[in-house]
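Student: To start, I am sharing the structure in question, which I have written as structure tokens.
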Amino acid sequence: MKSRVVSSLLISLPRLSYSQTFAPTIFRRSTTSAFVSQISTCKRISITDKPMSLLSSPSGTVAKPQPPKRHCTSTTHDDGYGDGDGDSEQSRTGNSGLFVACPVCHSEGQVISRRRRTKKQKRAYQNAKNNGLPLPPPPPIQMEPCKECSGSGIRPIGSVKIDQLPRVADDVQIGIIGGGIGGLALALACQHRNIPYTVYERDSCFDERSQGYGLTMQQGGKALQALGLAMTGDERLCGKGIHSKRHIVHKPDGTQVGEWGMKVWGREKKEEAKRQNAHIARQELRRIIYNQIEERDNENCIAWGHKLLEYTKGDDGGVKMTFLKSNVPAVKQVVKEATMLVGADGIRSAVRQNKIGEHVSPFRYLGCIVILGIAPSPSSSSLTNDNETVFQTADGTTRLYAMPFARKGQETANALQYLKNGSENSNIGQGETMWQLSFPLTENDAKKLSAEGAASLKQEALQRCGNWHSPIPELLGSTPEELVSGYPVYDRGILDDDVFRRGCVKEGVYNGSEVTLIGDAAHPMSPFKGQGANQALLDAVLLARSLYQVYRVRGDNENIKRDPEKLLEDILEEFESSMLKRSKGKVKASAEAAKFLHTEAAIAEGNVTRGAAVAALKDK
Ligand SMILES: Cc1cc2nc3c(=O)[nH]c(=O)nc-3n(C[C@H](O)[C@H](O)[C@H](O)COP(=O)(O)OP(=O)(O)OC[C@H]3O[C@@H](n4cnc5c(N)ncnc54)[C@H](O)[C@@H]3O)c2cc1C
């Protein structure tokens, strides 16, 4: 009954506008009207749009939601005709979902720990007090993980009281350009916080491009946990994450020069439970994140077939974006608006191009090419048949790195594809392995080889490594050409905080103070440290937390009086500074790895990672 009353209130109340929600007076209303204004802003979390089971229980907590239906179809932004109103009312109404911002730490994942003086400080304080001396300053503020959400910043909705649901200014619309790893992670993190957004992706549907390659999740595991995804045990990344336990380094004849990992150290059982690393196909990880978004019925928040051409200042503030729309019978341009814009559009980012310009930090060719392939795992070799071993082999110039891509019985669409093609490979169904071959090449030759296509790339791989130790020849030979690709390797110099924030200062070009970048758009790096996607995920979670601080409607006791535009700028500046500080070292180390992995250092004797082996050589 109570829930019905709440529900009808929600339907009938007008939403608060952005300026209204920030107006301090709103927090000084009587208790009843304050409650009404609070729950009115909860509407977007769609209490009204959901069955009564999601509404408050008599105890005032939100009942545990039923498992939502999964949607398997690709989402489209509209019916394919007309402008498709991506930022329509519908796209702005998220829904309850399974997680919401933690009401204790307000999605930060950490809280201020109680300031405690050490014994020495206490004595100094007492001494100063007794003797009438100036009192020593209080101990510095320290943060500790929020116990309520175990530091993730989100809580299952089932245990959150209705008046603690995230309340976000209503006339906000985040434009996210790019539905890759970073863009989708940001979308999901915004959804948890009830922040309205639309993702604009140039591909016309989720599966437009093939599986790509495999990723190793390291620090990004923390970000995935903050997105509500399990990173340990059998549930690791919805059961798709593979935890490697052995790393081996060889010379081309098979001589082992290094070995490490839990299996090697005999700590397999003890440590597995808490280790958060995982190997996963990029497209699988993307799908897992995308499915979480879909579970929340948010299909209208992803605008497929929208390629950003440029952005300019919006007529009423914010940003105006021009897209080339490709999923309509006649390709055409459309214009959309957003309160703020995030470029998550990868290494060739159009947002970066607009904001910073190519001339400020152009592409840097890192002197090598990578050729990638995905093949059924050879069952005859202990390096590939346990789905738990990563191995690399190098001759001082050319390097091949191989890692589990899919477990036995969990093959991606690729295995089916081989079967469809009538292949008689007996390894089909034994799991899949991704290999990555790299070697130095001039930029022109690398571009040429890449442009020649899969047959030439595979031929090059066989020519270089066809007589290396087992199972390399079999692995390369059995890779279907459809699953071979190759690219010259580039990065960009990391930008100073100030240049990143200000953008280009060319006359007539809008620098976009409400525009920021994440992932490869912000700090592209070589793939040799396996860090790009990890950093993109960390960026996405950090940005969503930052935006929540900007757009969150605060309660009576947290009344703040700040200009929202200035607040956005300040918080973006803080976010960018923190992101660039974290990723700077990764860009540098990834560029260095692009060099040393193609030297004798890659096969230095030692049961340590290759980075550590190189450091040890330098110390000698
Ligand atoms: C071979 C290889 C191996 C790698 N291995 C690892 C690894 O082990 N671990 C790791 O952490 N990282 C790894 N990386 C790096 C990682 O893949 C990237 O850093 C990561 O995907 C970046 O995510 P992103 O969201 O920033 O960009 P992307 O995932 O590239 O997504 C960008 C999206 O934007 C879209 N887009 C582009 N332009 C526009 C436009 N104008 N309008 C609209 N949409 C647009 C694209 O279609 C795409 O969907 C590897 C990379 C390579 C090449």
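The values are calculated or read from the model by the stated rules, or taken from the named source; none is laboratory data. Small disclaimer: the values here were computed from a predicted structure and weren't measured. Neighbour counts are summed over all protein chains in view; Cβ atoms, including those assigned to glycine, are modelled from backbone coordinates with ideal geometry.
Student: E148: outside any loop (DSSP other than H, G, I, E, B), free of Cβ contacts under 8 Å to residues at least 60 places away in the same chain and of a type outside the set (G, A, S), yes or no?
Tutor: no
Okay, residues lined up against (1) among the hydrophobic types (A, V, I, L, M, F, W, C); (2) touching a Phe, Trp or Tyr at 6+ places or on another chain (Cβ under 6 Å); (3) surrounded by fewer than 22 Cβ atoms within 10 Å (Cβ to Cβ); (4) under 25 Å from G346 (Cα atoms):
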position: N511; (1), (2), (3), (4): no, no, yes, yes
position: T516; (1), (2), (3), (4): no, no, no, yes
position: F528; (1), (2), (3), (4): yes, no, no, yes
position: Q549; (1), (2), (3), (4): no, no, yes, no
position: R582; (1), (2), (3), (4): no, no, yes, yes
position: R610; (1), (2), (3), (4): no, no, no, no
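Student: Taking the range 390-413 as the region of interest, how many residues are outside any loop (DSSP other than H, G, I, E, B), surrounded by fewer than 22 Cβ atoms within 10 Å (Cβ to Cβ) and more than 16 Å from the ligand (Cβ to nearest atom)?
Tutor: Here the count works out to 1.
Student: Could you identify the single residue in S526, S546 that is under 18 Å from A226 (Cα atoms) and either among the β-branched types (V, I, T) or in the same structural domain as V199 (by TED's automatic domain parsing) (or both)?
Tutor: Step by step, each of S526, S546 is checked, and only S546 is under 18 Å from A226 (Cα atoms) and either among the β-branched types (V, I, T) or in the same structural domain as V199 (by TED's automatic domain parsing) (or both).
Student: Within the range 210-233, take every residue that is aliphatic (A, V, I, L, M) and closer than 11 Å to A278 by Cβ and give me the one that is nearest to the ligand (Cβ to nearest atom).
Tutor: L215
Student: Residue under question is A602, and the condition is that it be part of a helix (DSSP H, G or I), at pLDDT 90 or above and either among the acidic types (D, E) or in contact with a strand residue (DSSP E or B) (Cβ under 6 Å, 6 or more places away or on another chain) (or both); does it hold?
Tutor: So A602 fits the description; yes.
Student: Now for a separate question. With the structure loaded, tell me whether L543 is more than 30 Å from T433 (Cβ to Cβ), in contact (Cβ under 8 Å) with a residue 24 or more places away in the chain, within 14 Å of the ligand (Cβ to nearest atom) and crowded, with 21+ Cβ neighbours inside 10 Å or whether it fails that test.
Tutor: Yes; evaluated as a whole, the condition is true for this residue.
Student: Do we find that R209 is at pLDDT below 90, under 30 Å from E481 (Cβ atoms), of a type in the set (D, E, K, R) and more than 14 Å from the chain's Cα centre (by Cα) in this structure?
Tutor: Answer is yes for this residue.
Student: Could you grab me the full set of residues in the range 330-347 that are more than 17 Å from T312 (Cα to Cα) and more than 17 Å from the chain's Cα centre (by Cα)?
Tutor: Answer for the range 330-347, where residues must be more than 17 Å from T312 (Cα to Cα) and more than 17 Å from the chain's Cα centre (by Cα): A330, V331, K332.
Student: Pull up the range 173-209, narrow it to residues that are within 13 Å of the ligand (Cβ to nearest atom) and of a type in the set (S, T, Y), then point me to the one that is surrounded by the most Cβ atoms within 10 Å (Cβ to Cβ).
Tutor: For the range 173-209, the residue satisfying everything is Y200.
Student: If you go through the range 612-619 one residue at a time, do you hit one that is closer than 30 Å to Q256 by Cα, modelled with pLDDT under 85 and of a type in the set (V, I, T)?
Tutor: The answer is yes; a qualifying residue exists.
Student: Restricting the search to the range 303-345, which residues are farther than 20 Å from Y290 by Cβ and not in a strand (DSSP E or B)?
Tutor: G314, D316, G318, V328, P329, A330, V331, T339
Student: Still on this structure, I have one more. Quickly run through the range 316-341 and pick out the residues that are among the polar types (S, T, N, Q), surrounded by 14 or more Cβ atoms within 10 Å (Cβ to Cβ) and within 13 Å of G305 (Cα to Cα).
Tutor: Residues satisfying the conditions are T322, S326, N327.
Student: Residues that are part of a strand (DSSP E or B), buried (at least 20 other Cβ atoms within 10 Å of the Cβ), away from the ligand (no atom under 13 Å from the Cβ) and at pLDDT below 95: does the range 258-275 have at least one?
Tutor: yes
Student: In the range 283-290, is there at least one residue being surrounded by 19 or more Cβ atoms within 10 Å (Cβ to Cβ), assigned to a loop (DSSP other than H, G, I, E, B), within 16 Å of the ligand (Cβ to nearest atom) and modelled with pLDDT of 90 or more?
Tutor: For the range 283-290, residues surrounded by 19 or more Cβ atoms within 10 Å (Cβ to Cβ), assigned to a loop (DSSP other than H, G, I, E, B), within 16 Å of the ligand (Cβ to nearest atom) and modelled with pLDDT of 90 or more: absent.
Student: Where residues in the range 342-358 are more than 7 Å from the ligand (Cβ to nearest atom) and without any contact (Cβ under 8 Å) to a residue 40 or more places away in the chain, which of them is surrounded by the most Cβ atoms within 10 Å (Cβ to Cβ)?
Tutor: Residue satisfying both the conditions and the ranking: Q353.
Student: Which residues, counting only those in the range 468-514, are more than 16 Å from the ligand (Cβ to nearest atom), touching an Asp or Glu at 6+ places or on another chain (Cβ under 7 Å) and assigned to a helix (DSSP H, G or I)?
Tutor: D497, R501
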